[in-house]
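> My questions all concern the structure below.
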Amino acid sequence: MRKSMKPSITWRKITESRLFFPIVALSLILIFDFIFIPGFFAIENREGNLHGSLVDILRNGSTVMLLAIGMTLVIATGGVDLSVGATMAIAASVAGILMNPSALKNEVFFVTDPNYTFQPLWLVISSALIVAILCGLWNGVLVAYMRIQPMVATLILMISGRGIAQLITNGLRVQITYRPYAFLGQGWMVLPFSLYLVAFVFAITWFLTRKTAIGMFIESVGTNFRSSYFSGIDEKKIKLLVYTFCGLCAGIAGLVASSNIRTSDANNIGLTTELDAILAVVIGGTAMAGGRFSLLASMVGALVMQAITQSMYAIGVPAFALQAIKAVVVIFVILLYSEQVRGFIRRLSAPKTEV
Amino acid sequence: MSESDQNILMMEGISKAFPGVQALDNVSLTLKKGEIHCLVGENGAGKSTLMKVLTGVDRPDSGRVILDGKEIQAKSPQHAQSLGISTVYQEINLCPNLTVAENILIGHEPHKMGRIDWTKMNALASDTLQRLLGVDIEVDKPLGSYTVAIQQMVAIARALYIASAKILILDEPTSSLDVHETAQLFRVMSKLKNEGVGIIFITHFMGQVYEISDRITVLRNGKWVGTYETASISRVELISKMIGRSLAEFDEMSKIKLESSKLITKAAILQAREFGLTGSIQPFDLDLHEGEVVGLAGLLGSGRTETASILFGAEKADTGSISMRGKLVQDYSPLGSIKRGVALCPEDRKAAGIVDDLTVRENIVLAMQASKGWFNYLNLQEQYEIAEKYIKLLNISTPSADQSVKNLSGGNQQKVILARWLATNPQVLILDEPTRGIDVGTKAEIQKLVLSLAEEGKACVFISSELEEVLRTSHRIVVLREREKVAEFSGEVDENTIIHAIAGSEA
């Protein structure tokens with residue numbers, strides 16, 4: 001009797017882990033790819049760098065992964081940040097215009113020199129990130145101190161952000177040719193360079209939330225802010241912090257995205273990625289109402305989102321139909337999270353002992 | 001039997017248990033036609049459960065309800081309404097952005113050719129208000145543009161319109177009304193009474209009980225204490241029935257208390273001077289000494305919780321000052337309080353106490369960590385040590401320190417919150433209703449704990465709706481009435497003196 005109990009307890013531990021469902025979802029998609037797309041798992045070694053569909057999922061998923069890190073913390077406090085896509089565009093515009101200010105003179109100047117930049121790289125990157133931090137700070141002030149509902153507060157920047165980005169670039173698309181900048185999104189060091197960026201941001205965030213008290217405070221504020229207030233937690237500061245941090249993550253994502261397409265395109269960079277980021281966090285099992293969060297599960301969630309996109313492209317779904325197909329898959333994945341559906345599955349799989 | 005003596009409602013032997021609590025134990029209530037019947041009792045007495053049974057929100061475990069001679073079993077509030085039992089709740093559940101007429105007739109709008117007949121609707125609403133309640137207002141204005149009292153009237157009008165109510169339940173309708181508005185509501189109640197409606201009126205204000213009611217039923221701890229003619233029971237008697245007293249209980253506790261009272265030094269830890277908040281609590285002076293338990297006595301709404309709240313800094317006082325060990329306090333915030341050694345176990349355990357998604361360990365270390373700041377993080381091992389220490393000390397029954405606190409029973413959750421505060425090593429511990437809704441055994445444990453904390457030299461403030469509990473644990477008792485500190489007693493006091501002080505009548 002006792003022997004037969006043991007594996008079921010381990011099994012329960014696995015299924016109750018926050019990573020279980022995201023990983024199941026990811027595995028299902030990859031199994032689908034394995035069966036239907038020949039060569040999907042092939043990995044090529046080109047001059048010491050790895051290439052292939054799987055690597056592409058990681059590389060193209062890096063912007064959503066970066067956003068999901070910040071978004072996880074925001075959602076854990078019971079909020080949401082709709083402005084991350086716009087913040088990406090703003091950061092990209094700042095970076096673009098500092099490298100190639102020709103747009104300000106109202107001319108589209110195609111620089112072809114891969115070594116040309118107007119300002120040094122460190123200034124380009126730090127300015128873009130500071131502006132992104134200011135965007136996050138703005139959201140944080142509105143939510144924490146002005147007590148505006150997060151969805152409404154961040155909607156303001158979501159709408160106005162692209163306008164601001166266009167103002168910065170004088171309404172033009174700015175070409176970026178500076179090669180060191182292109183390395184952010186296109187560079188390869190065995191694996192794509194953007195993955196190291198993700199790993200770095202992830203590690204810092206993990207450290208800040210799990211090796212300081214910040215993570216516990218975020219979860220506490222998200223679960224019950226009144227109890228947290230009575231316990232002496234400064235809920236406003238926590239909220240200000242997570243929105244600001246989310247802005248920073250969006251800024252980094254914006255740099256990677258613009259480096260990838262070699263353009264600061266105020267209209268299209270990060271368009272609708274806020275929704276991908278939110279879905280990644282939800283797939284990672286963090287409740288929209290706030291509370292417990294898992295950064296790692298959100299990363300898997302981001303990969304689920306990217307794997308869906310990549311697979312659809314690979315089996316030849318046309319770009320215009322992609323969103324519709326993606327929605328169907330997302331609905332399926334989200335249904336796995338519904339308590340109703342889980343209960344139903346449990347009842348189905350339960351051994352039929354009763355007669 | 002004259003017609004006005006007819007019972008329109010009889011509730012007999014109603015019992016209802018929730019997991020861990022016997023909310024109602026063999027409670028009876030009769031309501032006559034054209035009677036205003038007050039239902040009184042402290043928190044947890046069972047008033048609202050009794051009304052929930054009547055209106056079909058909860059099913060009783062046993063007992064029966066007889067309406068107009070027929071046994072009924074309301075299945076839902078809607079069903080109860082169709083039977084003639086209507087309820088107006090404390091928080092008005094109407095839509096402030098709809099017009100008065102829409103609020104009264106929503107779901108019952110008159111139609112003309114498939115569309116709503118607005119003219120008829122407004123006329124109907126206006127007629128209902130005038131005829132039934134004698135209230136004359138413009139019914140096409142949004143409800144939100146009227147005072148809370150008028151909104152109450154509209155809620156009543158709606159209740160009466162939908163089904164001609166035989167019974168109207170008013171659940172603390174006056175708690176947010178001023179004197180003038182209350183008078184207005186009372187006129188309406190009298191009018192309905194004369195028309196033969198039976199009214200069950202729940203209130204915490206003793207003055208109003210005597211002003212309007214014909215009879216009073218007192219509940220305490222889920223038990224029926226008695227039903228009295230309002231004219232034949234004095235205020236003092238009524239209050240002592242509500243809060244209960246039993247002289248036989250002074251057993252072990254009084255011994256511990258006597259022992260510990262020897263240890264009280266005259267060193268004041270905390271001194272409040274002219275400390276108050278407009279609209280919340282009148283300015284008061286209060287000294288808390290080392291080793292002393294100060295009980296706050298008073299009825300619900302007398303300002304007990306407000307006093308606790310401003311002493312802790314959860315709400316900012318607007319007059320007066322506090323000094324802590326002779327030093328004037330500058331930072332009136334929960335964090336400031338925790339840092340100088342003041343702790344508050346708040347009244348509402350669910351809403352302001354536990355953080356239910358977090359584990360027992362995290363709940364225990366939360367306040368301590370908050371006072372240490374973001375980066376001075378207690379490592380896991382330290383956290384487990386603290387948690388295990390208090391789980392053992394307070395005898396918290398939990399499978400492990402990693403259990404989500406939401407899976408614990410009420411009493412154990414309360415102990416977890418106590419542990420959270422003890423972990424901050426406070427000098428002043430304010431406990432607001434620490435024993436509410438928990439079983440008798442745990443209650444006694446907590447009372448003893450409070451005394452032993454005092455013995456360690458802490459100052460404790462003990463707030464409870466149960467006077468006997470306050471008497472048993474406190475060395476000194478402060479009495480509050482109508483948001484004002486009215487008296488202070490130290491040494492051996494008999495309960496009568498305190499009940500008189502609470503009631504506001506001369507002994």
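The values are calculated or read from the model by the stated rules, or taken from the named source; none is laboratory data. Keep in mind that this is a model prediction, so the values were computed, not measured. Using ideal geometry, Cβ is built from the backbone for each residue, glycine included, and neighbour counts are taken over all protein chains shown.
> Would you please name the residue that is farthest from the other protein chains (Cβ to nearest Cβ), looking only at residues in the range A:197-219 that are small (Gly, Ala, Ser) and under 16 Å from residue B:378 (Cα atoms)?
Ranking the candidates gives A:215 first.
> Failed condition for residue B:131, given (1) in contact (Cβ under 8 Å) with a residue 40 or more places away in the chain; (2) under 30 Å from residue B:38 (Cβ atoms); (3) not aromatic (Phe, Trp, Tyr), with all others met?
Of (1) in contact (Cβ under 8 Å) with a residue 40 or more places away in the chain; (2) under 30 Å from residue B:38 (Cβ atoms); (3) not aromatic (Phe, Trp, Tyr), only one is false for residue B:131: (1).
> Follow-up question, since we're still on this one. Scan the range B:414-425 and tell me whether some residue there is at positive phi, modelled with pLDDT of 90 or more and exposed (fewer than 15 other Cβ atoms within 10 Å of the Cβ).
Looking for residues that are at positive phi, modelled with pLDDT of 90 or more and exposed (fewer than 15 other Cβ atoms within 10 Å of the Cβ), one finds at least one in the range B:414-425, hence yes.
> Filter the range A:148-202 for residues that are assigned to a loop (DSSP other than H, G, I, E, B) and closer than 17 Å to residue A:58 by Cα and give the result.
A:187, A:190
> In the range A:218-277, what count of residues is obtained for those that are hydroxyl-bearing (Ser, Thr, Tyr) and closer than 19 Å to residue B:354 by Cβ?
Residues that pass the stated criteria total 6.
> Answer yes or no as to whether residue B:401 is more than 10 Å from chain A (Cβ to nearest Cβ), touching a residue at least 40 places away in the same chain (Cβ under 8 Å) and assigned to a loop (DSSP other than H, G, I, E, B).
Yes.
> Further question on the same structure: Can you pull out the residues in the range B:36-50 that are at pLDDT below 90 and not in a loop (DSSP other than H, G, I, E, B)?
B:40, B:47, B:48, B:49 - these are the residues of the range B:36-50 that are at pLDDT below 90 and not in a loop (DSSP other than H, G, I, E, B).
> Can you name every residue in the range B:79-128 that is of a type in the set (Lys, Arg) and either under 26 Å from residue B:54 (Cα atoms) or in contact (Cβ under 8 Å) with a residue 12 or more places away in the chain (or both)?
Correct list: empty.
> Within the range A:113-137, which residues are part of a helix (DSSP H, G or I) and in contact (Cβ under 8 Å) with a residue 60 or more places away in the chain?
Of everything in the range A:113-137, those that are part of a helix (DSSP H, G or I) and in contact (Cβ under 8 Å) with a residue 60 or more places away in the chain turn out to be A:121, A:125, A:128, A:129, A:131, A:132, A:133, A:134, A:135, A:136, A:137.
> Ok, one more. With the requirement that a residue be facing chain B (nearest Cβ under 9 Å) and under 22 Å from residue A:139 (Cβ atoms), what does the range A:222-237 give you?
A:222, A:223, A:228, A:229, A:233, A:234, A:237
> Exactly one condition in (1) at pLDDT 90 or above; (2) surrounded by fewer than 21 Cβ atoms within 10 Å (Cβ to Cβ) is not met by residue B:337; state its number.
(2)
> Which number in (1) among the polar types (S, T, N, Q); (2) under 18 Å from the mean Cα position of the chain (by Cα); (3) within 14 Å of another protein chain (Cβ to nearest Cβ) marks the one condition that residue A:194 misses?
It is condition (3) that residue A:194 fails.
> Something else: Any residue at all in the range A:69-90 that is in contact (Cβ under 8 Å) with a residue 24 or more places away in the chain, in a helix (DSSP H, G or I) and surrounded by fewer than 24 Cβ atoms within 10 Å (Cβ to Cβ)?
No - not one qualifying residue is present in the range A:69-90.
> Here are some conditions: (1) surrounded by fewer than 23 Cβ atoms within 10 Å (Cβ to Cβ); (2) in contact (Cβ under 8 Å) with a residue 40 or more places away in the chain; (3) away from every other protein chain (no Cβ under 14 Å). Residue B:295 meets all but one. Which one does it not meet?
(1)
> Moving to a separate point now. Filter the range B:340-359 for residues that are more than 7 Å from chain A (Cβ to nearest Cβ), within 27 Å of the chain's Cα centre (by Cα) and among the β-branched types (Val, Ile, Thr) and give the result.
Answer for the range B:340-359, where residues must be more than 7 Å from chain A (Cβ to nearest Cβ), within 27 Å of the chain's Cα centre (by Cα) and among the β-branched types (Val, Ile, Thr): just B:342.
> I'd like the full set of residues that are within 19 Å of the chain's Cα centre (by Cα) and of a type in the set (Ser, Thr, Tyr), limited to the range A:292-346.
A:294, A:298, A:309, A:311
> Among the listed residues A:290, A:285, A:316, identify the single one that is out of contact with any strand residue (DSSP E or B) (no Cβ under 6 Å at 6 or more places or on another chain), in contact (Cβ under 8 Å) with a residue 60 or more places away in the chain and more than 16 Å from residue A:21 (Cα to Cα).
A:290
> Condition first: assigned to a helix (DSSP H, G or I) and either away from chain A (no Cβ under 14 Å) or modelled with pLDDT under 90 (or both). Now tell me which residues in the range B:385-394 satisfy that.
Once the filter is applied, which keeps residues that are assigned to a helix (DSSP H, G or I) and either away from chain A (no Cβ under 14 Å) or modelled with pLDDT under 90 (or both), the range B:385-394 yields B:385, B:388, B:389, B:390, B:391, B:392, B:393.
> Let me ask something additional. Please count how many residues of the range A:45-68 are of a type in the set (A, V, I, L, M, F, W, C) and either without any contact (Cβ under 8 Å) to a residue 12 or more places away in the chain or touching a Lys or Arg at 6+ places or on another chain (Cβ under 6 Å) (or both).
Selection size over the range A:45-68: 0.
> Right, another one. Could you identify the single residue in A:276, A:265 that is among the charged types (D, E, K, R) and closer than 14 Å to residue A:95 by Cβ?
A:265
> Right, something else. Taking only the range B:369-381 into account, find how many residues are within 9 Å of chain A (Cβ to nearest Cβ), in a helix (DSSP H, G or I) and aliphatic (A, V, I, L, M).
Number satisfying all stated conditions: 1.
> Go through the range B:306-339 and give me each residue that's touching a residue at least 40 places away in the same chain (Cβ under 8 Å), assigned to a helix (DSSP H, G or I) and more than 10 Å from every other protein chain (Cβ to nearest Cβ).
Within the range B:306-339, B:306, B:307, B:308, B:311 meet the criteria.
> How do the strands (runs of 3 or more DSSP E) wholly within the range B:159-225 filter down when requiring 1 or more residues that are surrounded by 18 or more Cβ atoms within 10 Å (Cβ to Cβ) and on the phi > 0 side of the Ramachandran plot: which remain?
Strands (runs of 3 or more DSSP E) meeting the threshold: none at all.
> Under the condition of being among the β-branched types (Val, Ile, Thr) and under 18 Å from residue A:222 (Cβ atoms), which residue from the range A:65-90 is farthest from the chain's Cα centre (by Cα)?
A:77
Yes/no per residue for (1) within 15 Å of residue B:155 (Cα to Cα); (2) in contact with a Phe, Trp or Tyr (Cβ under 6 Å, 6 or more places away or on another chain); (3) among the basic types (Lys, Arg):
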residue	(1), (2), (3)
B:63	no, no, no
B:67	no, no, no
B:75	no, no, yes
B:79	no, no, no
B:86	yes, no, no
B:89	yes, no, no
B:94	yes, no, no
B:110	no, no, no
B:114	no, no, no
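> For the range B:146-155, which residues satisfy the criterion of being more than 19 Å from residue B:170 (Cα to Cα) and at pLDDT 85 or above?
Correct list: empty.
> Moving on to the next point. For the range B:107-118, state whether one or more residues are modelled with pLDDT under 85, in a loop (DSSP other than H, G, I, E, B) and crowded, with 19+ Cβ neighbours inside 10 Å.
no
> Applying the selection to the range B:299-311, what residues are in contact with a Phe, Trp or Tyr (Cβ under 8 Å, 6 or more places away or on another chain) and at pLDDT 90 or above?
Residues satisfying the conditions are B:307, B:310, B:311.
> So, in the range B:420-436, exactly how many residues are polar (S, T, N, Q) and in contact with a helix residue (DSSP H, G or I) (Cβ under 7 Å, 6 or more places away or on another chain)?
Here the count works out to 2.
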